[in-house]
Structure formats: C-alpha cells, structure tokens
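Heads up: the structure comes next, in structure tokens.
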Amino acid sequence: MRGMSRRRGGALLLALFLFSLALLIPGANATWHGGKALVLYRVPADGWVQYNYKDSHFWSKFRTEIENQGWDVDYGRHVNASLLSRYDALFVLTPVKDIPDEEAQAIIEWVKKGGQIVITQNYTQNFANEITDEFGIHFNGHGGKHVYIDNFTSHPLTDGITRVHLVETHKIYVGGMSEGIAWNRKGECLIAVNDSAGKGLVVAIGDNELWLNQYFDDYDNKKFLDNILAYFWNTCSVPEFSTETLVVPVLSLLGVVLLLHRKKR
C-alpha cells in the first residue's frame, strides 16, 4: 500500500510539473498590450464612415499614435457580432450614411456586453445617433467652427488637459447615465461619456477632424486620444501577466504538494 501511495504521489507531482510548464511557456513568449482596436474606414465604393482612416496620409498620426500606445489595430468597412467579439475598442469616426440596422444593432449589443467605442459626428449630419441614442447621448445641432475648449469636468479622460481644438463641432444632449465632460463657452456640451453603457463604455465627440494630421498636435488633442486609450486599457479584456506572476503560485503549489507527500511518508 505504501508503494502504491508513493506512486500516486509521484504521478501527481509529475502532472503538476507538466501543468506548470504549460502555463509558463505562453507567458514567456507572449507580447502583452493594451488591447485590440478596430477602426472603421471608407473607400469610394464601400463603407459608411467619412474617410479612409486606414490608408489616407492625412490620418497617419492618428494611426501611429494608437499603435505607439501599445494597441493592435485592425481596419474594417463593416461589422457584425462575430467580428466585434475579437476587439476591445471600436472607433466610429463620423458616420456619413445611414448605418445598416444590423450593424448598428451589433455595435449596440457589443457595447452592452463590454465593448468600448469612440464615436464622432460632424455638425452636418446625425447618423451617429442610431447608435448613441441607446446610451443617452444625442448629437443635437451645430456648435460652431474651430472651437477651443477649456471647460472640462474632472474625469480620467480629461486628466492633464487644459485645451482641445475642435474643428466642426456638433452639440450633444446627454441623458440617463451619460454625462458631459467638455463644453464650449456657451455651455453647450461637445464631448460626452457613458461609463455605464451596460458593461461597456461610450465616448462621444462632437467633431470629425480633431485627430486629422493638421490638428493632431494642436493644444491637447493628442493627449486626449492618449487618455481615451489609457482609460480603455484599464478595462479591456486582454489579459496582462508576466511569467513571474505565474511562477510564484505554481511553485508554491508544488511546494505544498511535496510537503504533504513527505509527511505521508
């Protein structure tokens, strides 16, 4: 009986050792990052947002900054539930066409399940409301051209920001669980957020060009994008761990089992 107990203990130790290796190898090889972002874009024959954010040299600083902040970025012209499930963040930069119902609904449901979206709208159209109305955010009319915002509420998205340059602004009505975080001098909301959009997060900006190369480095425009990415990073679904965070518990478990095994002997 004692020999059988020893063999069982040895088999258990071997199984735990192999399990620990299986955990450690991916941790040693993985490159961890902020998350995965999807940016919608348009080409002449396809897409419902304003510009070709994927290839246009006018948006190169925007693309580069997302990657510089540690995110993996993909680009797409259309979405569905299956595609969205692969991403932590979605950029919908100014819809200029009626959003297909199935795509709008897929985005809404994805946000409610934990997705994080940045959505902008120029002052001439209101198509973004097909998504944002669900979360108490409504684009509500022209708010002026070349507005320099210096009126912010305290929020992680506005940390370290003193002024943002918005180009063609759209006023925003906020209701429900949404809140305004930036206003023009007339007291009209131009940037809003819903931190309780189901399990997700909505950032709505009443402008379509604040991250265009021409304006990207104006005042705190770049900083504002960085704040959004950092805020999303805190709640993204991509796991972040190092080999060390796995070594300690695994080795501790092995030590406990070995100690118990020795006591039985």
Give the lysines reachable from LYS186 as a straight Cα distance under 26 Å; neighbours fewer than 8 places away on the same chain don't count.
LYS145, LYS171, LYS222, LYS223
Enumerate the amide H contacts of ARG163 below 5 Å, restricted to partners 5 or more residues apart or on another chain; note that Pro and chain-start residues carry no placed amide H.
ASP220
Positive end of the dipole of the range 35-235, charges at C-beta (+1 Lys, Arg; -1 Asp, Glu), about the Cα centre: which of TRP48, LEU229, ILE99 has its Cα farthest in that direction?
LEU229
5 Å is the cut-off here: which amide hydrogens, built 1.01 Å from N in the peptide plane, fall below it relative to LYS54, excluding neighbours closer than 5 in sequence?
ARG42
Would you pull out the residues with amide H under 5 Å of ARG77's amide H, same chain only if 5 or more places away, H placed 1.01 Å from N?
TYR41
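Computed from the coordinates by the stated procedures, all read-outs in this text should not be read as laboratory data. What you see is a predicted model; the values in this text were computed from it and never measured. As a convention, Cβ positions derive from the backbone with ideal geometry for all residues, glycine included, and neighbour counts pool all protein chains shown.
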